[in-house]
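Written out below as structure tokens is the structure these notes cover.
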Amino acid sequence: MRLPKRLTLEMLERIVADAVMVNLSLITALVVRFLFMVVTGEGNPEASVAFYTRTWQQYVHAYRSSAWLLTLVCLVVFYLSGFYTYGRSYRGRYKALLIFQAVTVSYLVFGFLSYFIHALTPLPRSVLLGSWLLSAVLVGGLRVFSALWRQATWAEASIWGRPERRRLRNILVIGGAGYIGSVLVRKLLARGYDVTVLDALVYGDEGIRDLHGQPHFEFIHGDLRDIETVVRALQYADAVVHLGALVGDPACALDERLTLEINLAATRIIAEVARGFGVERFIFASTCSVYGASDELLDERSALNPVSLYARSKIGSESMLLAMSDGRFAPVILRLATVYGLSPRPRFDLVVNLLAAKATYEKRITIFGGNQWRPFVHVEDVAEAILKCLDAPLDVVRGQIFNVGSDEQNYRIAEIGDIIQRLMPDVEVVYQGEDMDRRNYRVSFAKIRRHLNFTPRHTVADGILEIKAAIEEGRIKDYREARYSNYKTLSEEHNSTLIRCTSLTLLYADIYAGGGGEG
């Protein structure tokens, strides 16, 4: 399934170039062998023109009968060695050795097969030896020249102020079946990207069920803590969007060790594997919850004051990723405001969505406290912010932190109740006591507006009306179902995927648990 989906024009060009190099090597070896025979009179000093003509015809016949098999064997071995798919070993530091090894194996396999295919005209051993050496030089040299040419054109373009940008083709979305991921994946596909989704489907496959079978979509069902699964998912990635996590304070509080494994240790594993593969652009979804409780207007430089394990795990991941930032690895941290709105994988454990659903169903909502501040952002706008980070020049986003939202959508929780009552006048809003949630923060989003020209298109009112319409039209049968809540799913449905854990992630979890989870 992988080959047809990845058979791009670039891959075809590289395959044709290698086929030409292999055939050119064989032809050159045959010609050199023939000329050596003519010049030295090897084997027959008195040979006539007719003898040499007959010998040349034999060489031509040998080439015609053997070249197709040699070319086929070389291309198959080259493909399996990752020449065209940029496999793990091919991207490593021993690339030259891998190329030499692949050429050698190809000729050994060819020699083995030709022994059993009697229809082939045998090639002189000196020709095979010369062709093997020439193939290693030309196939490897072609890649060296290509790399040098790219560096030269990059340097020249930089002098003129127009640096070349690496084209992003395949985007790996970890957690792509989730609330934000299922929206983002559709936007990426609409833009023509190849999209690979890695997801354990803890909350079901509703978010991506209709995408299976699309030509540019690939799904890998697996645990983001499993190194082998991560390596397989990253084989073709040009950029990573990491949305996979236990999200929300109640869900994270269920099991502290599990939260550290998934939110912190797994993030390090994914980042290290991505950097090893040469993936530069790494977009990480964090949260504005890292600001905790403050009465000031907070920006990306403000002090962090986490009041939950969820926030501490995100801070730890942020610190770790930013420490890894260098010329080869460019993490981008997106601190998301509280998200709302409809998604292919709906959630009703988010304050706007929950209040809108309760108002539509029950015509009565209760707001506890109400004076605490929260910033809000629509799920569609979050996906657009991620696209902005993929589109932006790498130097603009490398090692940067961006709050994602808008200043206009900083609301007190009580104001959300006022908006709902304005949109649904028949709804009763009850204010009761104090909220146990200690979070209270207003956030500035000037940086993302200034650097990425990002301005949300949706309002809280839009999100409330979306929820109302979905319920009234029957698209949401019962918002209280466990699958719509992270906390309910994790506490009521025992998923074996969450119990399984690799020894490496356990080690990382122990390290970070000892360090308080804040890096």
Checklist entry - Can you spot a residue in the stretch 482-503 that is more than 21 Å from Val202 (Cα to Cα) and either at pLDDT 85 or above or touching a Lys or Arg at 6+ places or on another chain (Cβ under 9 Å) (or both)? => result no
Next on the checklist: Condition first: in contact with a Pro (Cβ under 8 Å, 6 or more places away or on another chain) and of a type in the set (Phe, Trp, Tyr). Now tell me which residues in the stretch 249-288 satisfy that.
Outcome noted: Phe282, Phe284
Checklist outcome for this item: So, first residue surrounded by 13 or more Cβ atoms within 10 Å (Cβ to Cβ) in the stretch 92-121, second residue of a type in the set (A, V, I, L, M) and assigned to a loop (DSSP other than H, G, I, E, B), Cβ within less than 7 Å, six or more apart or across chains; the pairs are Ser114/Leu120
Checklist entry - Does any residue of the stretch 56-70 turn out to be at pLDDT below 85 and assigned by TED's automatic domain parsing to the domain that holds Val22? => result no
Next on the checklist: So, in the stretch 413-444, exactly how many residues are closer than 27 Å to Arg301 by Cβ and either of a type in the set (S, T, N, Q) or modelled with pLDDT of 95 or more (or both)?
Outcome noted: 2
Item to check | Residue match in the stretch 276-295 (condition: under 18 Å from the mean Cα position of the chain (by Cα) and more than 22 Å from Asp391 (Cβ to Cβ)) | outcome: yes
Checklist outcome for this item: With the first residue restricted to the stretch 195-215 and required to be surrounded by fewer than 17 Cβ atoms within 10 Å (Cβ to Cβ), and the second required to be part of a loop (DSSP other than H, G, I, E, B) and among the charged types (D, E, K, R), Cβ contacts under 8 Å at 6 or more apart or on different chains are Gly204/Arg345; Glu206/Arg345
Checklist entry - Do the conditions hold for Glu408, that is, is it closer than 19 Å to Arg281 by Cβ, part of a helix (DSSP H, G or I), of a type outside the set (Ser, Thr, Tyr) and in contact with a Pro (Cβ under 9 Å, 6 or more places away or on another chain)? => result no
Item to check | When residues of the stretch 418-436 are limited to those that are part of a helix (DSSP H, G or I) and hydrophobic (A, V, I, L, M, F, W, C), the one surrounded by the fewest Cβ atoms within 10 Å (Cβ to Cβ) | outcome: Leu423
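Every residue, every condition in (1) in contact with a Pro (Cβ under 7 Å, 6 or more places away or on another chain); (2) of a type in the set (Phe, Trp, Tyr); (3) not in a strand (DSSP E or B), yes or no:
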{"site": "Arg345", "(1), (2), (3)": "no, no, yes"}
{"site": "Asp349", "(1), (2), (3)": "no, no, yes"}
{"site": "Val352", "(1), (2), (3)": "no, no, yes"}
{"site": "Tyr361", "(1), (2), (3)": "no, yes, yes"}
{"site": "Ile365", "(1), (2), (3)": "no, no, no"}
{"site": "Asp395", "(1), (2), (3)": "no, no, yes"}
{"site": "Ile416", "(1), (2), (3)": "no, no, yes"}
Item to check | Within the stretch 49-85, tally of residues that are among the hydroxyl-bearing types (Ser, Thr, Tyr) and under 47 Å from the mean Cα position of the chain (by Cα) | outcome: 8
Checklist entry - helices (runs of 4 or more DSSP H) wholly in the stretch 236-305 with at least 1 residues that are of a type in the set (Val, Ile, Thr) and in the same structural domain as Leu224 (by TED's automatic domain parsing) - which ones? => result 256-260, 266-276
Checklist entry - Tell me, which residue of the stretch 216-236 that is in contact (Cβ under 8 Å) with a residue 12 or more places away in the chain and out of contact with any strand residue (DSSP E or B) (no Cβ under 8 Å at 6 or more places or on another chain) is surrounded by the fewest Cβ atoms within 10 Å (Cβ to Cβ)? => result Val231
Next on the checklist: Of the residues Leu224, Leu198, Leu184, only one is within 20 Å of Asn486 (Cα to Cα), in a strand (DSSP E or B) and either in the same structural domain as Cys288 (by TED's automatic domain parsing) or at pLDDT 85 or above (or both); which?
Outcome noted: Leu198
Item to check | Filter result for Arg301 (free of Cβ contacts under 8 Å to residues at least 40 places away in the same chain, over 26 Å from the mean Cα position of the chain (by Cα) and over 30 Å from Leu234 (Cα atoms)) | outcome: yes
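The values are calculated or read from the model by the stated rules, or taken from the named source; none is laboratory data. Because the structure is a prediction, the values reported are computed rather than measured. Cβ atoms come from the backbone with ideal geometry, glycine included; neighbour counts cover every protein chain shown.
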